[in-house]
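To keep things clear, I will list the structure first and then write my remarks on it.
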Amino acid sequence: MKNVCYDCDSLHISRKELAYTSMPSRHTHDAFEIMYLVSGQLYYFIGDKTYQVVGGVLLFINANVPHQLVNAGEAVFERVTLLFKEEFLHDFFRLNDGGELLSFFSADFHAVNLSGYEQTFTEELFHKMLHEGVRKQIGFEQYQKVLLMELLLFMNRKVREAEREQAGSGAAPTHKKIYALVEYINSRFYERLTLEDLSQTFEISPSHLSRTFKEVTGYTAIEYINTVRIKKACTLLRETSWKVLEICERVGFDSLTHFGRTFKQMTGCSPVRYRRRQP
């Protein structure tokens with residue numbers, strides 16, 4: 001089947017919660033694409049490789065490379081899609097400097113796992129780019145370029161680091177039981193979840209669960225649970241006026257102290273300060 005090719009604007013960014021995508025089964029763009037999965041899990045086919053990814057993974061796709069998103073379970077996922085053309089950043093490039101900065105799009109793999117702190121950093125960049133595009137105040141395009149440059153520099157270093165660690169390997173191995181566990185956590189993060197409870201539910205020994213979960217997702221099970229909870233807390237801090245204690249309880253923490261400590265470890269600030277920083 002012939003791929004559908006889309007012409008893109010010099011810059012496009014969107015953040016959406018979806019259960020399915022309206023894009024055709026296989027398509028290309030005439031622009032560079034960065035897709036960040038905020039929450040959920042998906043299959044992504046890029047070129048001749050398949051990736052099964054969870055929240056906190058950045059995918060990057062070179063221009064004119066065929067790709068396809070598949071949400072087999074039709075569960076809700078949230079993602080940020082960023083498309084841009086090299087010409088959008090010409091003001092920042094000298095001669096051929098842009099080619100070197102964007103060369104990581106030609107890497108042998110197309111996905112990197114981000115730590116909790118890296119997720120917060122990346123999501124804030126996306127949030128600022130989206131905010132600038134909505135407000136359209138004086139100099140908004142220049143600021144979007146600055147933010148995109150910061151993201152590309154970060155990704156360039158992250159991909160090079162991953163290349164050294166993975167020696168050019170492709171996608172992580174697929175373990176169906178672990179991805180069922182990821183889906184379970186995504187839908188029940190607000191409940192009491194312990195390693196022992198999860199191991200009993202999925203009939204995996206705690207040691208094997210810990211080892212395999214880390215191998216597949218890049219996180220320990222507890223790190224992933226906390227990541228899902230803190231991301232939801234960030235959304236509630238931005239979009240509601242609920243008290244911090246109420247948010248703490250709604251996302252599954254049984255202690256305000258534990259919530260505050262975990263939140264600061266992942267975001268670099270307290271929940272109250274995070275809310276105050278929002279535009």
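Which of the residue pairs Lys49/Lys232; Lys16/Lys128; Lys49/Lys231; Lys85/Lys145 have a Cα-Cα distance greater than 20 Å in the structure shown? Display every interim value, and only then the final one.
Working: Lys49/Lys232 31 Å; Lys16/Lys128 15 Å; Lys49/Lys231 29 Å; Lys85/Lys145 11 Å.
The answer is Lys49/Lys232; Lys49/Lys231.
Sequence-distant contacts, meaning Cα pairs under 8 Å at least 6 residues apart, place the relative contact order of the chain at 16 percent. Per-residue surface analysis assigns Cys234 an accessible area of about 10 Å², computed on protein heavy atoms at 1.4 Å probe radius. For the chain, the alpha carbon positions stretch 55, 44, 36 Å along the principal axes, listed from largest to smallest.
Set against the 2.2 N^0.38 Å expectation for a compact globular protein, the stretch 29-132 has a Cα radius of gyration ratio of 1.12.
Rolling a 1.4 Å sphere over the protein heavy atoms, what is the accessible area per residue of the stretch 126-279, to the nearest Å²? Could the numbers behind the result be given before it?
Numbers: 8610 Å² over 154 residues.
Each residue of the stretch 126-279 exposes 56 Å² on average to a 1.4 Å probe.
Taking Cα atoms only, the orientation of helix 176-188 departs from the longest principal axis of the chain by about 80 degrees.
At the residue level, Asp9 shows approximately 110 square angstrom of accessible surface with a 1.4 angstrom probe and all protein chains present. Solvent exposure of Lys264, expressed as accessible area, is near 120 Å², computed with a probe of 1.4 Å over the protein chains only. Projected over every direction and averaged, the convex hull enclosing the alpha-carbon atoms of the stretch 181-279 yields 6.4 nm².
What do you get for Rg/Rh over the stretch 109-246 if you use C-alpha atoms and the Kirkwood form of Rh?
When Rh is taken as the Kirkwood radius, the ratio is 1.04.
Where does helix 140-166 land angle-wise versus the long Cα axis of the chain, in degrees 0 to 90, nearest 10? Once rounded, one gets 70 degrees.
Comparing Gln144, Gln200, Gln265 in a Gaussian network model of the chain (Cα springs below 10 Å), the most mobile by mean-square fluctuation is Gln200. As a fraction of the 1.4 Å probe accessible area of the chain, surface on carbon and sulfur atoms comes out at 49 percent.
The values are calculated or read from the model by the stated rules, or taken from the named source; none is laboratory data. Owing to the predicted nature of the structure, the values given are computational and were not obtained by experimental measurement. Side chains included, ligands, DNA and RNA excluded: accessible areas come from the protein's heavy atoms. Shrake-Rupley method; radii C 1.70, N 1.55, O 1.52, S 1.80 Å.
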